[in-house]
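Taken together, the values in this text are just the output of simple stated rules run on the coordinates, not laboratory data. Note that the structure is a prediction, hence the values are computed from the model and not measured. Cβ coordinates were reconstructed from backbone atoms using ideal geometry, including for glycine residues, and neighbour counts include every protein chain displayed.
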Amino acid sequence: MSKKILLEHIDVPGIDTYDVYRKQGGYTAVEKALKTMTPEAVVEEVKKSGVRGRGGAGFPMGMKWSFLAKPEGVPRYLVCNADESEPGTFKDHYLMKNIPHLLIEGMIISSFALGANKSFIYVRGELMYVIYILEKAIAEAKAAGFLGKNILGTGYDLELVVQPGGGAYICGEETALLESLEGKRGNPRNKPPFPAVKGLYQSPTVVNNVESIATTAWIVNNGGDAYAAIGVGRSTGTKLISASGHIKKPGVYEIELGLPVEEFLYSDEWCGGIRDGHHLKAVVAGGSSVPILPANLILKLANGEPRMMSYESLSDGGFQTGTMLGSGGFIVFDETSCIVRNTWNFSRFYHHESCGQCSPCREGTGWMEKVLHRIEYGHGSMHDIDLLVDVAKKIEGNTICPLGDAAAWPVASAIRHFREEFEWHITNPQEATRPGAVYKGDMALV
Amino acid sequence: MEDNKPQLFKVTIDNIEVEVEPGTTILQAARKIGGDVAPPAMCYYQPLKGSGGKCRACLVRVAAGSAKDPRPMPKLVASCITPVQDGMVVENTTSQQVLDTRKGIVEFLLINHPLDCPVCDQAGECDLQNFAFKHGMATTRYEEDRRTFDKQDIGPYIQLHMTRCILCYRCVYTADQITQKRVHGVLGRGDAAEISTYIEKAVDNEFSGNVIDVCPVGALTDKTYRFKNRVWFTKPVDAHRDCPTCSGNVTLWYRGDDVIRVTARKNEWNEVTEFICNTCRFEKKKTSDWVIEGPTKISRSSVISVNKYRRDTIKPDFQRKLAASSYTDVDDERDTSQLGIQQLPPERFAQLPHANDPEP
């Protein structure tokens, strides 16, 4: 059995209620942090743990916290990013729905460490029932004295606010989230200034993912060094992976970083292998925005070593032969799935979700979607493939926020690894547009 | 004794060094040098606070962040919002990456633009036209339908032709900052986003006409001037009047003896220097309303100055040289052999009569 940190008590009946959660050792971290530690000591433990942001970018959380500006007389805010909208990622949803108190415990500790007296949980608008669960949990925690004025008699005040979003993918970008939270149109801001200096209401703000914040409870209880001992290299700790697609056991799994991809994919403890009678064709390892990898490259690095589930191993080889851990949305495709159709589908999503603020993303995502649509429906021509690569290159890195990159990477990587399939669609339009038709040419299946 | 003057930052842009005050953006520093060194700006508008960073036309490469930390910045940065550091080295026209990216930006801005310049009132003084001419390609790779919107009257004086809009947000900032109440904003998302007033409410404000001047394209047009004339047939004249609401400093646009349009005065970067009120702009269209100051200074290369001045003040050789030097700037790879027009390579330009004559 792999080490479990977040989902340790997931199977205990009634874990979503305060009493059961408390009986399982819940809120001891709050007691420990508030009564025996200083905020600086908590930040130090998180730094030592080496935990990296679980929302996708993988930026070390302790370092992010230490960047927070602390001017006198200005409030500081902690905002929890629960606007999980990445296609293929559903771990935060699972965590908040099943163990809401874990997030609240993490929020109290993190707010204490950052000196925030009002903290926000920004939940995507589609998850209204999760918002009710969180609000109920907050009321329970408040009744038990863990929230509100003078928590546990330590003189620390904290108010937690749950804010439903309007259902826009772009509001998962931290500055767009802050704009939305302020009640404005969810357009990402120009950086700098970064939120750590001027964030919510122009005050220093830290925005963290649900999973990152939930991790702090365990780190406070067991120490940063214990957390750093789990995992491999600079990928410390455990990670929630949302496994979906053509596997026998889709679901949310907590894995120790450094687990071989092959074991994760085929072991009965996790995904349980590809569905019977089918073969692995491709994997999107970290949510729809990361580059897609063909079967041979996801299981093995370019030099033949086994690939592991960790930040470094997954991105080994750059985008030529690697991908990213991202938010941990592990989407598996078998040989019945059409890469062109899938890429078009992703592209359609980004076209729909682009905020329309900066021109490369606004126009480029729509353009790519139209060209992919053309190829998928048998009207493409050979130069369309190079056009797509060129458009993706012109978007990437030239936009205000990472949505442009997220839209460009899947397209560029699909063409990089599955060019023959695109060409087949163009040269055999009649065959390719038949319902259920899939490229059956020469490719590496496992 | 301590020096009270703020320490000036030394910045090198395209190998030209310039000293600017701390807090200046790269774009402003480049404008101080002027000419081609200044990056194009489609959304940035100096008088409007918070504008910029959206069109990405002004992206530049920072080859060295500062004297203290001379690492290059990993991505191209928007020069209009990035403040300079002491010892910063910026590449604008000297970086091929920047030029390629800019070509891509033109392409992006044009794919949903109707290119109806022949019937557009803005043609001749359009930022997008200038930008596309200077940095874009002559052909398009976009084959699909362009997005379209219905024309919309916002208020009695302004018409919104959203199809032409490039979503620079300038008019939104104008509405926020110049007028007393916010009159319009952006609805929708992505390439379906549109400038709009909520439930087609009329724009009703003394300064609302300024959105026409700030619009870089022909999306917001003056209904009292629509289809009246082409801008290069009109003659701009600076004038002022004693106005109770605004400064009263305007530019009058004459066709013959008639004032057919009144706009605010603009500087060399096409930015309004003083915002004017609707009364000056729309109501006062008689010469007797104004005190004339003299002809407006218009850039020699602008189409507006064509046919305006006596022949002997024009330097044809200079213009021919300009044409020869900018010949390679237009990226046109189309096959013109069947057109019967033989395009001249630059070296043939140099052989033309008068091309090498000294300037008068």
Net charge contributed by nearby residues that have their C-beta within less than 11 Å of A:Leu280 (K/R +1, D/E -1): -1
Anchor B:Lys321: aspartates and glutamates whose Cα lies under 19 Å away (excluding residues fewer than 8 positions away in-chain): B:Asp36, B:Asp312, B:Asp329, B:Asp331, B:Glu347, B:Asp357, B:Glu359
Given the Cα atoms of the stretch B:228-309, and with Rh set as the inverse mean 1/r over their pairs in the Kirkwood sense, what is Rg to Rh to two decimals? 0.94
With the Cα gyration tensor of the stretch A:128-188 giving a ≥ b ≥ c as the square roots of its eigenvalues, does the rule (a/c under 1.5 for rounded; else a/b larger than b/c for prolate; else oblate) give rounded, prolate or oblate? oblate
Can you put A:Tyr27, B:Tyr198 in order, fewest other beta carbons within 10 Å first? B:Tyr198, A:Tyr27
Identify, among A:Asn398, A:Val12, A:Met308, the residue whose Cα sits farthest towards the positive end of the charge dipole of chain A, taking +1 on the Cβ of Lys and Arg and -1 on the Cβ of Asp and Glu, with the dipole about the Cα centre. A:Asn398
Taking only Cα atoms of chain A, the Rg to Rh ratio with Kirkwood Rh works out at 0.99
Report Rg/Rh for the stretch A:170-265, rounded to two decimals, where Rg is the Cα radius of gyration and Rh the Kirkwood radius. 1.09
Share of Cα-Cα pairs in the stretch B:9-103 beyond 23 Å, in percent? 14
Compute the projected area of the convex hull of the Cα atoms of the stretch A:379-446, averaged over all viewing directions, and report it in nm² to one decimal place. 5.7
Provide the three semi-axes, in whole Å and in decreasing order, of the ellipsoid equivalent to the protein assembly as shown as defined by the square roots of 5 times the Cα gyration tensor eigenvalues. 52, 34, 25
Give a residue-ordered list of calculated ³J(HN,Hα) values for the stretch B:60-74 (Karplus: 6.51 cos²θ - 1.76 cosθ + 1.60, θ = phi - 60°; whole Hz; x for Gly, Pro). 10, 9, 9, 7, 8, x, 6, 5, 6, 10, x, 6, x, 6, x
Hydrodynamic radius of the stretch A:243-334 per Kirkwood, over alpha carbon pairs, in Å: 12.7
The Cα extents of the stretch B:140-194 along the principal axes, largest first and rounded to whole Å, are 43, 21, 19
Going by C-beta contacts inside 10 Å, put A:Thr36, B:Thr101, A:Thr17 in order with the fewest on the left. A:Thr36, A:Thr17, B:Thr101
If the chain between A:Phe59 and A:Arg434 were fully extended at 0.36 nm per residue, the gain over the current Cα-Cα distance would be 130.5 nm
One quarter of the convex hull surface, Cα atoms only: what value does that give for the stretch A:339-432 in nm²? 5.0
The protein assembly as shown - mean residue ellipticity at 222 nm from DSSP helices (-39,500 (n - 2.57) per run, n ≥ 4, rounded to 500): -9000 deg cm²/dmol
Looking at this model, which pairs from A:Lys191/B:Lys75; B:Lys151/B:Lys223; A:Lys393/A:Lys440; A:Lys4/A:Lys64; A:Lys64/A:Lys198; B:Lys49/B:Lys297 are more than 18 angstrom apart at the alpha-carbon? A:Lys393/A:Lys440; A:Lys4/A:Lys64; B:Lys49/B:Lys297
Once you have the Kirkwood Rh of the stretch A:18-229 from its Cα pairs, apply Stokes-Einstein at 37 °C and 0.692 mPa s and quote D in µm²/s. 194
